[in-house]
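S.K.: Sharing a structure, written as structure tokens. Questions coming.
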Amino acid sequence: MPLKVAVQMDPIERINIRGDSTFALLLEAQARGHALAYYTPDRLALRGNDVFATVRPLKVQDLEGGHFALGEGARVELKSFDVVLMRQDPPFDLAYITATHLLERLQPATLVVNDPGHVRNAPEKVFVTLFPELMPPTLVTRDRAEIKAFRAEHSDIVMKPLYGHGGGAVFRVTADDLNFGSLYDMFAVTFREPWVVQKWIPGVKRGDKRIILVDGEFAGAVNRVPAADDLRSNMVRGGAATATELTDREREICTTIGPALRERGLIFVGIDVIDDYLTEINVTSPTGIRAVAKLGGPDVAAKIWDVIESKRASKKA
């Protein structure tokens, strides 16, 4: 049955369609006959208990420079849609959190993917700490004495902002690095939130694996290998995507966290695994769909829409 689908995303004219997972989801939805509408988060409005947005009908095609066409805008109640895809990129700030509160008003009549309440309660670098047995040694704090003690214990560490994204402001600090004090001072004046401090994993040079789970089940993976002159493997930072298979430990990680994702309505999740250590659980706007497909992996977008359609059908049954 065709669905009415609204997508809340960043400006569609700015996306890079070659690697954009939201675009992959839109292409698959359109191929299935679903009606698409588009809006940006700034077009949301709450009046009483009703959530509105000015949306525009959307058509997409896999053609760079001509990848979308929009119809005339209209102010509509979002509860008139069967599905809303919450797909704007971080930063995970107060504007993002506010959007989750508004979209939460649509449930259960409208299926919001991912569940906005649990997106709000599961920021990537905090949610993952529910599974310490799967992680490298990790500290979340902005207390200098705590960081110094952690560094003394593990010698070689990585520091990054708790709500950072895309590999921004990720630093390696070795045992004899004299920049630690300056780096601490810079973080202290730049970020109000705590920081994540982790033991350095030398195996990152072989890659940081992005593993996609759909409704708690493994759906595809890609290995992201950092450039020779960078510690970050994010593809937006120059990392190279390569085909990969899961290790036994990675399958164990998926099996362990899968039920928690499913219970929270986190349908599309991307986890990061370095040398068999889980480092992040990405639930806000995960990526990787097109990279997996280009490397001959599974059609993750199809798997996601299979789940969405199944959930909508069960609601109407």
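S.K.: Out of (1) more than 30 Å from ASP42 (Cα to Cα); (2) surrounded by fewer than 16 Cβ atoms within 10 Å (Cβ to Cβ), what's the single condition that is false for LYS199?
M.R.: Going through (1) more than 30 Å from ASP42 (Cα to Cα); (2) surrounded by fewer than 16 Cβ atoms within 10 Å (Cβ to Cβ) one by one, LYS199 breaks only (2).
S.K.: Under the condition of being small (Gly, Ala, Ser) and crowded, with 17+ Cβ neighbours inside 10 Å, which residue from region 11-33 is farthest from VAL292 (Cα to Cα)?
M.R.: Applying the filter and picking the extreme gives ALA29.
S.K.: Looking only at residues in region 1-33 that are touching a Pro at 6+ places or on another chain (Cβ under 9 Å) and not in a loop (DSSP other than H, G, I, E, B), which one is nearest to ALA53 (Cα to Cα)?
M.R.: My answer is GLN8.
S.K.: Here's a follow-up. Being under 23 Å from LYS4 (Cα atoms), open to solvent by 20 Å² or more (accessible area, probe 1.4 Å), touching a helix residue (DSSP H, G or I) at 6+ places or on another chain (Cβ under 9 Å) and of a type in the set (Lys, Arg) is true for just one of ARG120, ARG105, ARG87. Which residue is that?
M.R.: After ruling out the rest, the residue left standing is ARG105.
S.K.: When you check LEU134 against the structure, is it within 24 Å of the chain's Cα centre (by Cα) and buried (at least 17 other Cβ atoms within 10 Å of the Cβ), yes or no?
M.R.: Judged against the criteria, LEU134 is a match.
S.K.: Hey, another quick one. Which pairs have Cβ atoms under 7 Å, sit 6 or more apart or on different chains, and link a residue in region 92-119 that is on the phi < 0 side of the Ramachandran plot to one that is open to solvent by 70 Å² or more (accessible area, probe 1.4 Å) and hydroxyl-bearing (Ser, Thr, Tyr)?
M.R.: From region 92-119, the pairs are PHE92/TYR163.
S.K.: I'm trying to understand the selection: among the residues of region 195-221, which are among the β-branched types (Val, Ile, Thr) and touching a Leu at 6+ places or on another chain (Cβ under 6 Å)?
M.R.: Those that are among the β-branched types (Val, Ile, Thr) and touching a Leu at 6+ places or on another chain (Cβ under 6 Å): VAL196, VAL197.
S.K.: Confirm whether LEU36 is over 16 Å from ALA293 (Cβ atoms), hydrophobic (A, V, I, L, M, F, W, C) and in contact with a Pro (Cβ under 9 Å, 6 or more places away or on another chain).
M.R.: When the stated conditions are applied, LEU36 passes them.
S.K.: What is the one condition in (1) touching a His at 6+ places or on another chain (Cβ under 9 Å); (2) more than 20 Å from ILE267 (Cα to Cα) that PHE23 does not satisfy?
M.R.: (2)
S.K.: So, in region 145-161, exactly how many residues are surrounded by fewer than 14 Cβ atoms within 10 Å (Cβ to Cβ) and farther than 16 Å from ASP176 by Cβ?
M.R.: Of the residues in that region, 2 qualify.
S.K.: Then there's this: Among the helices (runs of 4 or more DSSP H) contained in region 245-317, which hold 3 or more residues that are touching a residue at least 60 places away in the same chain (Cβ under 8 Å), of a type in the set (A, V, I, L, M, F, W, C) and under 19 Å from VAL222 (Cβ atoms)?
M.R.: The qualifying helices (runs of 4 or more DSSP H) are 289-294, 300-316.
Conditions tested, residue by residue: (1) more than 23 Å from LEU266 (Cα to Cα); (2) not hydroxyl-bearing (Ser, Thr, Tyr).
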| position | (1), (2) |
| --- | --- |
| LEU36 | no, yes |
| THR40 | no, no |
| ARG43 | yes, yes |
| GLY48 | yes, yes |
| ARG56 | yes, yes |
| LEU63 | yes, yes |
| GLU77 | yes, yes |
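For every residue, the table says whether it meets (1) within 29 Å of the chain's Cα centre (by Cα); (2) among the aliphatic types (A, V, I, L, M).
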site: ARG142; (1), (2): yes, no
site: SER155; (1), (2): no, no
site: MET159; (1), (2): yes, yes
site: GLY166; (1), (2): yes, no
site: ASP177; (1), (2): no, no
site: SER182; (1), (2): no, no
site: PHE191; (1), (2): yes, no
site: VAL204; (1), (2): yes, yes
site: LYS209; (1), (2): yes, no
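S.K.: For region 294-305, give me each residue that is in contact with a strand residue (DSSP E or B) (Cβ under 8 Å, 6 or more places away or on another chain) and surrounded by fewer than 23 Cβ atoms within 10 Å (Cβ to Cβ).
M.R.: Hits for region 294-305 are LYS294, LEU295, GLY297, PRO298, LYS303.
S.K.: Next up: Within region 43-61, can one find any residue that is open to solvent by 70 Å² or more (accessible area, probe 1.4 Å), touching a residue at least 40 places away in the same chain (Cβ under 8 Å), among the hydrophobic types (A, V, I, L, M, F, W, C) and over 30 Å from ASP276 (Cα atoms)?
M.R.: The answer is yes; a qualifying residue exists.
S.K.: In region 193-244, which residue that is within 22 Å of TYR163 (Cβ to Cβ), of a type in the set (Val, Ile, Thr) and not in a strand (DSSP E or B) is modelled with the highest pLDDT?
M.R.: ILE201
The values are calculated or read from the model by the stated rules, or taken from the named source; none is laboratory data. All of these numbers come straight from a predicted model, not from anything done at the bench. Quick reminder, even Gly has a Cβ in these numbers, built from the backbone with ideal geometry, and neighbours come from all protein chains shown. SASA here: full protein model, heavy atoms, side chains in, ligands and nucleic acids out. Shrake-Rupley method; radii C 1.70, N 1.55, O 1.52, S 1.80 Å.
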